[in-house]
1. Within region B:169-179, can you find the residues that are at the interface with chain A (Cβ under 7 Å from one of its Cβ atoms), open to solvent by less than 10 Å² (accessible area, probe 1.4 Å) and within 20 Å of B:Q78 (Cα to Cα)?
2. Return yes when A:K190 is within 10 Å of another protein chain (Cβ to nearest Cβ), within 20 Å of A:G139 (Cα to Cα) and of a type in the set (K, R) and no when it is not.
3. Restricting to region A:21-37, and then to whatever is touching a residue at least 40 places away in the same chain (Cβ under 8 Å) and not hydrophobic (A, V, I, L, M, F, W, C), can you tell me which residue is farthest from A:I122 (Cα to Cα)?
4. Among the residues of region B:180-208, which ones are closer than 25 Å to B:K136 by Cα, in contact (Cβ under 8 Å) with a residue 40 or more places away in the chain and either surrounded by fewer than 20 Cβ atoms within 10 Å (Cβ to Cβ) or within 12 Å of chain A (Cβ to nearest Cβ) (or both)?
5. Just name the residue that is most open to solvent (accessible area, probe 1.4 Å) out of those in region A:75-92 that are in contact (Cβ under 8 Å) with a residue 40 or more places away in the chain and not in a strand (DSSP E or B).
6. Mind checking which residues of region A:50-74 are open to solvent by 50 Å² or more (accessible area, probe 1.4 Å), under 17 Å from A:L114 (Cα atoms) and in a loop (DSSP other than H, G, I, E, B)?
7. Can you confirm whether A:G166 is free of Cβ contacts under 8 Å to residues at least 12 places away in the same chain, at the interface with chain B (Cβ under 7 Å from one of its Cβ atoms), open to solvent by less than 50 Å² (accessible area, probe 1.4 Å) and over 22 Å from A:G139 (Cα atoms)?
Amino acid sequence: MIVAEQKPVAEILRMIDGYRRILVVGCGTCVTVCMAGGEKEAGILASLIRMAWAREGRLSPLIDVSEATVERQCEWEFLGDIAEKVAASDAVLSMGCGAGVQAMARMFEGKVVLPALNTKFIGMPERQGLWTELCAGCGDCVLDRTGGICPIARCSKSLLNGPCGGSQNGKCEVSKDIDCAWQLIFDRMKSLGRLEALGTVLPPKDWFKNRDGGPRKVVREDMLL
Amino acid sequence: MRSGSNLEKVLAHGDFAVTGELGPPQSNDREVVVKKAKAYKGYVDAVNITDNQTAIVRMSSIAACAIAAGLGLDPVMQMTCRDRNRIAMQSDILGASALGIKNILCLTGDHQSFGNHPTSKNVYDIDSIQLIGMVKGMRDDKRFLNGEEMKSEPRMFIGAAANPFADPFEYRVVRLAKKVAAGADFIQTQAVFDVPRFRRWMEMVWDHGLHERVYILAGVIPVKSAGAMRYMKNDVPGMSVPDELVRRMEQASDPKEEGIRICVETILQLREIEGVSGIHLMPIMWESIAPVIVERAGLLPRPVYDQDDM
């Protein structure tokens with residue numbers, strides 16, 4: 001899933017300064033799971049904005065902060081539901097991931113769409129209140145060679161041929177709070193009886209599949225209409 | 001001869017090699033490089049010039065290598081994978097070769113979060129093992145990484161680093177073997193304070209027969225104070241420092257002298273270990289002490305070869 005976190009409220013308030021009618025739009029999928037931008041969070045953020053504006057004495061009948069949540073901001077079919085509310089606002093504050101913000105900006109041409117979240121990574125909930133990155137979306141998966149643990153996303157240096165000299169006691173040189181991805185890979189390959197596979201020199205990665213110029217596309221010819 | 005560098009000649013002759021490390025200044029002041037290089041002249045066979053070590057912006061390794069070469073030293077250009085992609089690296093290797101640089105040390109590089117530009121974007125397009133393979137391909141096959149042929153090849157003596165004190169310990173020799181398979185000619189290790197653990201690592205090296213395929217130079221650091229020794233022990237990733245050495249430094253009436261003594265003792269012990277072909281001296285910000293250590297370790301005079309020797 002896509003993991004995001006809310007921007008600091010002060011930054012959001014600066015962003016919407018000058019607009020009178022704000023629509024806060026939550027997203028019901030990934031960011032709901034990571035509790036960054038679902039229905040509940042949209043309601044809380046709208047309230048925080050109202051309170052901040054009230055403190056500044058800015059509330060009047062002409063000023064309005066409303067909220068709405070769609071199932072998925074990144075798909076056209078769900079955005080039609082909020083077209084009227086969007087039309088009635090000066091600016092839309094999206095609580096979707098970066099894809100959601102951009103989908104809304106394309107759908108509602110001429111409307112100011114602002115991001116309320118910082119989109120972080122593809123990952124999973126580790127435990128209550130903790131999400132970690134697992135995949136860098138590099139476009140050329142190596143998990144078959146690394147025991148199902150991604151060195152591109154999880155090694156601070158994205159190394160393909162084993163740990164750097166800074167790995168100690170299972171931790172990364174960057175911080176004692178970061179597991180060394182290569183220690184995890186080593187331990188898993190050892191438990192699988194596949195340590196020998198780590199003796200092979202992996203060639204330079206084909207980053208063309210990651211950053212080949214312009215946005216990447218996935219085309220399924222069999223699905224095209 | 002793969003490169004004809006002085007370091008390669010020393011090692012090929014079977015002499016116990018001595019290399020030193022020189023950190024370029026955080027400025028364009030060539031005199032800093034000249035002064036440090038002169039301290040090494042006649043005392044080391046080659047001098048490593050670091051590449052923005054600890055991710056702090058410094059004079060480029062290539063430029064400082066060229067200055068050192070102009071003073072008659074044999075420079076080892078350190079190159080990290082942190083700051084350049086494969087295009088920039090190959091371009092720099094060609095440029096370095098054209099400037100007369102004949103040794104390269106291929107490194108992953110310290111993460112940028114340690115340095116003075118922690119918000120920078122790192123590169124890590126290729127890793128140190130892939131870099132070794134790339135330089136070997138340029139030298140031995142006259143080919144760029146993409147397979148295209150080049151007109152004249154950079155003659156480089158290819159070095160790599162090994163850290164016997166990092167984890168997973170068991171995997172360290174496998175990684176060394178990968179570096180040798182990729183084309184490393186010589187290895188310089190992380191600084192040795194923990195000689196017993198280094199010896200255990202060397203036993204694994206012997207088991208794989210790697211000491212017969214690559215020259216291994218053991219790293220040593222002369223430490224000036226008890227504080228510095230404690231820092232090595234507690235704050236430098238991938239370092240093993242026995243408590244006994246910290247105690248010796250704490251109890252010493254003249255810590256600098258004690259640091260030199262520990263360094264010389266370590267060199268003498270390392271020299272006795274089969275498969276250790278030399279030492280790599282890393283006197284961080286204390287280059288002027290190199291002559292004292294080399295002399296007291298009985299490593300003088302350094303061998304001198306004619307231009308066309310070997």
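The values are calculated or read from the model by the stated rules, or taken from the named source; none is laboratory data. A quick note: this is a predicted structure, and the numbers were derived from the prediction, not measured. Positions of Cβ are generated from backbone atoms using ideal geometry, with glycine treated the same way; all protein chains shown enter the neighbour counts. Keep in mind that these areas ignore ligands, DNA and RNA; they rest on the heavy atoms of the full protein, side chains included. Shrake-Rupley method; radii C 1.70, N 1.55, O 1.52, S 1.80 Å.
1. Selection gives B:K178 alone.
2. Here the answer is no, as A:K190 does not meet what is asked.
3. A:R21
4. Listed by number, the residues that qualify are B:A182, B:G183, B:A184, B:Q188, B:T189, B:Q190, B:W206.
5. A:K85
6. A:R72, A:C74
7. In short, yes.
Yes/no matrix, rows are residues, columns are (1) of a type in the set (K, R); (2) without any contact (Cβ under 8 Å) to a residue 24 or more places away in the chain; (3) surrounded by fewer than 15 Cβ atoms within 10 Å (Cβ to Cβ):
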{"site": "B:V276", "(1), (2), (3)": "no, no, no"}
{"site": "B:H280", "(1), (2), (3)": "no, no, no"}
{"site": "B:I284", "(1), (2), (3)": "no, no, no"}
{"site": "B:L300", "(1), (2), (3)": "no, no, yes"}
{"site": "B:D306", "(1), (2), (3)": "no, yes, yes"}
